[in-house]
Amino acid sequence: MNIDLLQTILGGLLGGGVIGLLEFLIRRHDERKDRNKDILDSLQELKNKIDRVADKGDERAAVAARVRILHFADEMLEGKRHSKDSYDQAMSDITFYERYCENHPEFRNNQTVATVSFIKRNYEERLDKHDFL
């Protein structure tokens, strides 16, 4: 065989091999890219679900704080006296609840506005008179 012919055949085989290798690598890269996109999409979906669960937990905590606030005020209206610690806990619930309402304007809040005002006024009176339970 002629050396030129051998070089041409080898060049063709090597060139074809290189092209085949490049095609393989590109295909593999694209497959990985697709898998990575699928993984990222799945992670985003998982994050969204976690965010929704966290939001529901925060909403439950706000509702629980509202219930405690309303219950505390009911006890006050019934004449029950409370300790400073009980008032402080109620004030903490009020602070949490008001912040939640500020950050979630769609959350129903009209149930406690007057009640919170009543508790705060009463708290100030108790502080001034030093007559907690």
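The values are calculated or read from the model by the stated rules, or taken from the named source; none is laboratory data. Predicted model, so just to flag it, every value in this text is computed and none were measured. All Cβ positions, even for glycine, are placed from backbone atoms using ideal geometry, and neighbour counts span all protein chains on display.
Quick check on segment 92-114: of everything there that is of a type in the set (D, E), within 20 Å of the chain's Cα centre (by Cα) and part of a helix (DSSP H, G or I), which residue is modelled with the highest pLDDT?
It comes out as E98.
When you look at Q89, is it at pLDDT 95 or above and surrounded by fewer than 16 Cβ atoms within 10 Å (Cβ to Cβ), yes or no? Walk me through it before giving the result.
On the way: at pLDDT 95 or above: yes; surrounded by fewer than 16 Cβ atoms within 10 Å (Cβ to Cβ): yes.
Yes, satisfied.
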- Query: free of Cβ contacts under 8 Å to residues at least 12 places away in the same chain and either surrounded by 10 or more Cβ atoms within 10 Å (Cβ to Cβ) or part of a helix (DSSP H, G or I) (or both), is that true of I69?
  - Reply: no
- Task: Scan segment 118-133 residue by residue and report those that are in a helix (DSSP H, G or I) and surrounded by fewer than 12 Cβ atoms within 10 Å (Cβ to Cβ).
- Result: R121, E124, E125, D128, K129
